[in-house]
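Worksheet: the structure to be examined is printed underneath.
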Amino acid sequence: MVEHLYIHIPFCLKICPYCSFYKETANAKKAKPFVDALLREARERSWQLRPKTIFFGGGTPSALSVNQLAFLLQGLRETLDCSEVGEWSFEMNPATVTKEKAKILREYGVNRISIGVQSWNPRELKVLGRVHTVEQAEKSIAVLREAGFDNINVDLIYSVPGQTKESWKESLSKSLGFRPEHISAYCLTYEEDTEFFRRMLGGEWTPDEVLDADLFVMTREALAAAGYRGYEISNFSLAGRECVHNLAYWEGKDFIGLGPGAFSTVGERRWRNAENTQSYIEKSQDGEALTDFEEAVGGKIRKNERVAFGLRMDIGVERGWVNTETAERLLAAGLIVGKGERYSLSERGLLVADSIAEEVMEF
């Protein structure tokens with residue numbers, strides 16, 4: 001049985017100009033048939049699912065109304081055996097957090113919230129196209145705490161155009177003031193098919209790798225000093241508060257994704273649902289296959305992924321998974337270190353993790 005379930009909610013109040021995930025502007029008329037289609041897909045997959053983790057991502061899952069959330073969560077509990085779920089995560093935009101939604105989520109078993117703050121600087125929020133204010137983010141965390149959530153992740157982005165070391169330091173400090181159990185801090189990337197990518201190509205913005213590295217080091221040092229373990233390059237947690245669902249991805253475990261654009265990997269098969277909400281709804285209503293992509297992922301592919309993701313984690317990977325000659329070269333260069341029977345990235349290696357991952361893969 002597959003133990004890890006991802007559910008993609010594509011709706012957003014506004015499309016952020018840097019985001020490359022499949023999403024669309026929230027549509028009240030489309031929400032109900034979408035939820036119906038999602039529950040039909042859950043029923044079709046129920047025979048192979050006994051989740052231990054569930055993760056609602058998007059998009060903005062909290063863009064759904066209180067009634068839609070209650071209907072969806074109740075439907076999932078009636079469709080799936082959720083008796084073994086230990087971690088149930090839900091992404092929220094601060095502009096969509098209400099006492100009513102927080103209450104519904106808690107009642108139906110959600111126990112971990114990932115809130116997309118991204119920055120505590122008003123100018124940077126405007127650049128990122130975020131719809132929430134600093135005040136809304138502050139209030140949202142208070143509402144979630146009042147509702148009983150004791151496992152909150154704060155999402156942050158650094159290297160925002162125009163950002164300074166001082167403003168990033170202030171965002172880190174403000175985040176730590178709320179003492180969230182988890183902090184995710186991602187370096188902004190200019191993804192294809194986004195407004196940010198087009199503006200970069202047009203010469204408006206130029207990535208600064210030196211500043212990226214400085215902010216990365218600053219992040220690791222500040223969060224470590226505050227008691228957070230950097231268990232993955234971009235993810236930091238208090239003791240025992242690592243995201244179990246994401247660890248499953250990085251450790252190469254099977255997972256199933258529901259919703260438009262969602263990926264699944266089970267055994268040596270990987271597939272993706274169509275990246276079109278209307279098509280997803282119509283295919284579901286007509287009883288047609290929801291997928292638009294499928295591939296075989298044999299042992300070498302899964303091993304390469306496990307090594308690449310494993311090196312991003314502080315525990316690293318088993319020595320036997322890395323070619324001896326390659327390992328010796330990386331050790332000599334000070335880019336990896338040996339820890340017992342495992343290799344992990346050194347502090348220098350963390351700065352070039354993607355390049356090292358490519359080097360250790362077997363093609």
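Throughout, read-outs are computed from the coordinates displayed, never taken from laboratory work. As the structure is a prediction and not an experimental result, all values here were calculated from the model. Here Cβ is always computed from backbone atoms with ideal geometry, including for glycine, and neighbour counts include all displayed protein chains.
Side notes on the structure shown:
- Using a 4.7 Å Cβ-Cβ cutoff, the cysteines of the chain lacking any partner cysteine are 12, 82, 187, 243.
- Space enclosed by the convex hull of the alpha-carbon atoms of segment 1-150, per residue, Å³: 103 Å³
- Highest average packing first - 56-68, 332-344, Cβ atoms within 10 Å: 56-68, 332-344
- Rh by Kirkwood over Cα pairs, then Stokes-Einstein D for segment 51-104 at 1.306 mPa s and 10 °C, µm²/s: 134 µm²/s
- For segment 1-89, the Cα gyration tensor yields ellipsoid semi-axes of 24, 15, 11 Å (square root of five times each eigenvalue, largest first, whole Å).
- Selection from 98, 344, 273 lying farthest towards where the dipole of the chain points positive, charges on Cβ: 98
- The Cα center of segment 309-324 and the Cα center of segment 120-148 differ in position by 37 Å.
- Theoretical ellipticity at 222 nm over the chain - DSSP helices of four or more residues, -39500 (n - 2.57) apiece, nearest 500: -12500 deg cm²/dmol
- Of every Cα-Cα pair in segment 299-360, the percent that sits beyond 15 Å: 39 percent
- 29 Å Cα cut-off, lysine pairs counted over segment 72-175 (separation 8 or more, or different chains): 16
- Evaluated over segment 1-95, the count of Lys pairs having alpha-carbon atoms less than 24 Å apart is 5 (only pairs 8 or more residues apart or interchain).
- Counting Cα-Cα pairs of segment 254-293 in 5 Å increments starting at 0 gives whole-percent bin shares of 7, 27, 32, 19, 11, 4.
- Student exercise, segment 2-250 dipole from Lys, Arg, Asp, Glu Cβ charges, in Debye to nearest 20: 780 debye
- Distant-in-sequence amide H partners of residue 90 (H built 1.01 Å from N, under 5 Å): 56, 112, 113, 114
- Projecting the Cα positions of 217, 259, 234 onto the charge dipole of the chain (unit charges on Cβ atoms of Lys, Arg, Asp and Glu, taken about the Cα centre) puts 259 furthest along the positive direction.
- At 1.002 mPa s and 20 °C, Stokes diffusion of segment 209-254 via Kirkwood alpha-carbon radius, µm² per second: 183 µm²/s
- q = 0.15, 0.16, 0.24 Å⁻¹, segment 149-197: log10 I(q)/I(0) [Debye, one scatterer per Cα]: -0.49, -0.55, -0.91
- Fraction in percent of alpha-carbon pairs per bin - 5 Å, segment 146-227: 3, 12, 23, 20, 15, 12, 8, 4, 1, 0
- With the cut-off at under 20 Å, measuring from each backbone N in segment 245-263 to a point 7 Å along the Cα-to-Cβ line of residue 303 picks out 250-254.
- Estimated D of the chain in µm² per second, where Rh is the Kirkwood radius over Cα pairs and Stokes-Einstein applies at 25 °C, 0.890 mPa s: 114 µm²/s
- Alpha-carbon centroid distance for the pair segment 31-102 / segment 233-293, whole angstrom: 13 Å
- Normalising the average separation of contacting C-alpha pairs (under 8 angstrom, six or more residues apart) by the number of residues puts the relative contact order of the chain at 16 percent.
- Annotation: amide H-H contacts under 5 Å for residue 258 (H modelled 1.01 Å from N, sequence separation of 5 or more, or interchain): 6, 7, 8.
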